[in-house]
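Remarks on the structure that follows.
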Amino acid sequence: MPDLSLVHRMTAYMAWADDVMLKNAEQLDESALMAPHDTLFGSISGTFDHTLVVAEMFRAHLDGGTHPHVARRRSDALPFREVARRLREMNAHYVDLARRWTEAELSQIIHFEFVGGGTGAMSREDILLHLVNHATYHRGFVSTLLFPQRIAFAPNDLTVFLRDVWPDLAETAQGQPLRPAENPRGAA
């Protein structure tokens, strides 16, 4: 198994941060999650689903297969609970890939066609980092849509992940503590 890499840390962050935001959104009922907004992807659920659609497209590219998408959004909206379940599963898949691919495998170039037209060529690492960045962008947008709902809002910042979550994940992955004994979690 390869050493922990930046791409592994960042895909783990994406999975954790998406889960935090999905839990934030799950405080609302389905009608609020599907309610139309004058936004690019139409609703809170639609924004999460766009992130999922893009992840599905790149999974197919990485697998050397095809995907059913002809646009960056579905023509028929999925229920939010289905989007949430599938996005969590997709993120777990990407964390696993980032964890097990070697440096040589991460640097492999993948050729693909964009749904909007044109060809693309990116390394596996660049694809994974694109997905991380893409999800971060859309979580910020979902935050704007959730804010007026006045729900209890857990933070999903990278700094929180690095302080509270990553040390335990990395320790589990490598079998050794990353925190110095004299600086336990929560210490300044």
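Read-outs: derived from the displayed coordinates by stated rules, not from any lab. Predicted, not measured: the structure shown is a model, and the values here were computed from it.
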Under the rule of -39500 (n - 2.57) per DSSP H run of 4 or more residues, summed and divided by the residues of the chain, what mean residue ellipticity at 222 nm is obtained, to the nearest 500 deg cm²/dmol? -18500 deg cm²/dmol
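Dividing the convex hull volume of the Cα atoms of region 94-170 by its residue count, what figure in Å³ per residue is obtained?
Considering the Cα atoms of region 94-170, their hull volume per residue is 123 Å³.
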Which of Pro68, Pro148, Pro79 moves most in a GNM of the chain, Cα contacts under 10 Å? Pro148
For Ile151, which sequence-distant residues (separation of 5 or more, or a different chain) have an amide H within less than 5 Å of its own amide H, given hydrogens modelled in the peptide plane? none
Of the listed values (1) 47; (2) 43; (3) 54, grab the one calculated as percent of Cα pairs over 21 Å apart from the structure here. (3)
